[in-house]
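Encoded as structure tokens, the structure appears first; notes follow it.
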């Protein structure tokens, strides 16, 4: 009986600790820029989840975007959410899915830490920071392990 109660409690428990964020970063922006982009790896140790909202005090709003390639032209399109697979990961990277920081309040400067809140359907809110890298930084530079 105790085993069944424990099992029922575990199944009903929220997904705390199931979703984690690694290597969150953004490129520095030139003076006068109104847009910035955020990248990261989102790992999910539990059931499938969705990133449904993001916000930062550094920007008026944060949107979820994908980059679509049509011939030789790449276009960005806003999406409502990102699916995070069960026991898998979601990569937000240059040239693919990314967070768009809209109407940034000040240029993103190399070395800055930009506060970011991610809201997931099941895991709830996760607070993290985007480490601002050099203007020409790539996804593989300065990776944190």
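The values are calculated or read from the model by the stated rules, or taken from the named source; none is laboratory data. Since the structure is predicted, the reported quantities are computational estimates derived from the model, not experimental observations. Cβ coordinates were reconstructed from backbone atoms using ideal geometry, including for glycine residues, and neighbour counts include every protein chain displayed.
Conditions (1) modelled with pLDDT of 95 or more; (2) part of a helix (DSSP H, G or I); (3) on the phi > 0 side of the Ramachandran plot; (4) under 11 Å from the mean Cα position of the chain (by Cα), marked per residue:
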{"residue": "4", "(1), (2), (3), (4)": "no, yes, no, no"}
{"residue": "8", "(1), (2), (3), (4)": "no, yes, no, no"}
{"residue": "31", "(1), (2), (3), (4)": "no, no, no, no"}
{"residue": "42", "(1), (2), (3), (4)": "yes, no, no, yes"}
{"residue": "53", "(1), (2), (3), (4)": "yes, no, no, yes"}
{"residue": "64", "(1), (2), (3), (4)": "yes, no, no, yes"}
{"residue": "69", "(1), (2), (3), (4)": "no, no, no, no"}
{"residue": "90", "(1), (2), (3), (4)": "yes, no, no, yes"}
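State all residues of region 71-80 that are out of contact with any strand residue (DSSP E or B) (no Cβ under 8 Å at 6 or more places or on another chain) and not in a strand (DSSP E or B); if no residue qualifies, say none. Matches in region 71-80: 71, 72. When 108, 135 are checked against the criterion of being more than 15 Å from the chain's Cα centre (by Cα), modelled with pLDDT of 95 or more and outside any strand (DSSP E or B), 108 stands alone in meeting it.
Tallying residues that are buried (at least 21 other Cβ atoms within 10 Å of the Cβ) and farther than 12 Å from residue 26 by Cβ within region 110-134 yields 3. Given the criteria within 21 Å of residue 58 (Cα to Cα) and modelled with pLDDT under 95, does residue 17 qualify? Judged against the criteria, residue 17 is not a match. Residue 119 fulfils the conditions (1) assigned to a strand (DSSP E or B); (2) in contact (Cβ under 8 Å) with a residue 60 or more places away in the chain; (3) farther than 21 Å from residue 47 by Cα except for a single criterion, (3).
Taking the numbered list (1) farther than 15 Å from residue 20 by Cα; (2) in contact with a strand residue (DSSP E or B) (Cβ under 6 Å, 6 or more places away or on another chain) in turn, residue 33 passes all entries but (2).
Give the residue that is surrounded by the fewest Cβ atoms within 10 Å (Cβ to Cβ), with candidates limited to residues of region 48-93 that are closer than 19 Å to residue 27 by Cα and in contact (Cβ under 8 Å) with a residue 60 or more places away in the chain. Looking at the filtered set, the residue picked out is 55. Residues that are within 20 Å of residue 81 (Cβ to Cβ) and part of a strand (DSSP E or B) within region 94-105 comprise 98, 99, 100, 101, 102, listed in sequence order.
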